[in-house]
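Asker: One structure coming up, written as structure tokens, with questions to follow.
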Amino acid sequence: MEIIPLGHALGAEIRGVDIAEEIGDNTVAAIREAWHRHHIIVFRDVSWTPDQHLAFSRRFGALDDHASTPHERFEGYPELLEITNRPKNGQPSQSRNAGRNWHSDYSYTDRPAAASMLYCTEKPSVGGDTMFCNMARAYDELSDKMKGIVDDLESVYDFNLVSGTKVRDPEKMAELLKLNPPIAHPCVRVHDESGVKALYVSERTSHFEGMSRAESLPLIEYLCQHATRPQNTYRHKWRVGDLVCWDNRTAMHMALGDYDPSEFRHMLRTTLQGQKSGYVVAPAEY
Ligand code: SIN
């Protein structure tokens, strides 16, 4: 197995493993180790079925059935999420603008995703890239004083701030808001496997629990800007057959809308369940 770094801050490509076939425990352990070190791992030229995607993903943990976003499930496969601008049943796809702001998956649920594995089946001729940033490094690079402040905060996540909400059907949006009330999580997350501490705040954070939105916003904006500085990012330029796996505990990501919307982009994602960490709180006053 070969591990080739793709970025200084995060990201590595793994070569020499056929992930469409069953892989042994030693290979799983080696992939997991590289994943913890680089936060984002990329496999190229993967050609597989949805069942093979599920089988590979399950080697790394239990899968989420996407009950929090049921309209984006891939038909017949609740453990696969379909992210595409390709119309579905003659209607615009609900996920056509999914992921367009910096976030960590399922932060608006009480069991945020541990990791995600996104497979590209179709891409526009140019663009449709995904950006990633390293939240462990973002935490490490704060001053000790600021670490002390954020260590004490809880970030509240609000589904209203999820990108693409404006293009969803109002009825579906109402259902999603009911399924996903505002949730508070620690603003600094300790990785349950590696023990690494990482910032857990994003453009979907409405406020810090116990503080107003007006009081919270300057710090949320500062922390997001600090985490997403170019030197702390990796930009993935997709090829059909790429599988990109990210650790939601130590990285944020954002899908760029940098492509011609008349061309199709189609992705399938599995989501590894994380630990329960949140509790329901009152919404922010906007
Ligand atoms: C996501 O946020 O999971 C989607 C990312 C992408 O489509 O690039």
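The values are calculated or read from the model by the stated rules, or taken from the named source; none is laboratory data. Being a predicted model, the structure only gives us computed values, none of them experimental. Every residue, glycine as well, gets a Cβ built from its backbone with ideal geometry; the counts of neighbours run over all protein chains shown. With ligands, DNA and RNA removed, areas are computed over all heavy atoms of the protein, side chains included. Shrake-Rupley method; radii C 1.70, N 1.55, O 1.52, S 1.80 Å.
Asker: Counting only heavy atoms of the protein chains, get the accessible area per residue of the chain (1.4 Å probe) and round it to a whole Å² value.
Answerer: Spelled out: the 1.4 Å probe surface of the chain, per residue, equals 44 Å².
Asker: Related question: So between ARG15 and GLU141, what do we pick up on full extension, going 0.36 nm a residue minus the alpha carbon distance?
Answerer: Stretched fully, the ARG15-GLU141 segment lengthens by 42.3 nm.
Asker: So what does LEU272 come to for accessible area, using a 1.4 Å probe and Å² rounded to 10?
Answerer: About 10 Å², ignoring ligands and nucleic acids.
Asker: What order do HIS66, HIS8 take when sorted by accessible area (1.4 Å probe), most exposed first?
Answerer: HIS8, HIS66
Asker: Does the chain come out rounded, prolate or oblate, given a ≥ b ≥ c as the square roots of the eigenvalues of its C-alpha gyration tensor, rounded meaning a/c under 1.5 and, failing that, prolate meaning a/b above b/c?
Answerer: Judged from the Cα gyration tensor, the chain comes out oblate (a/c at least 1.5, b/c at or above a/b).
Asker: If you stretched the chain out fully between ARG229 and GLU193, how much longer would it get, using 0.36 nm times the residue separation minus the C-alpha to C-alpha distance?
Answerer: So the extension gain works out to 10.3 nm.
Asker: DSSP loop (so not H, G, I, E, B), at most 12 other Cβ within 10 Å: list which trypsin sites (Lys or Arg not before Pro) in segment 188-286 pass both filters.
Answerer: Here the sparse-neighbourhood loop sites are LYS237, ARG239, LYS276.
Asker: If you don't mind, another one. Put +1 on the Cβ of every Lys and Arg and -1 on every Asp and Glu Cβ in the chain; which of SER104, GLY90, PHE43 then has its Cα farthest towards the positive end of the dipole?
Answerer: GLY90
Asker: If I take every Cα pair under 8 Å that is 6 or more residues apart in segment 20-166, average their sequence separation and divide by the length, what percent do I get for the relative contact order?
Answerer: Once normalised by length, the contact order is 18 percent.
Asker: How big is the dipole moment of segment 216-268 about its Cα centre under a simple scheme where the beta carbon of each Lys and Arg is +1, that of each Asp and Glu is -1, and everything else is neutral? Debye, nearest 20, please.
Answerer: My answer is approximately 180 debye.
Asker: Would you mind finding the longest exposed-site-free stretch of the chain, with exposed GluC sites (Glu not before Pro) meaning DSSP loop and at most 11 other Cβ atoms within 10 Å?
Answerer: Value returned for the longest uninterrupted segment is 76-284.
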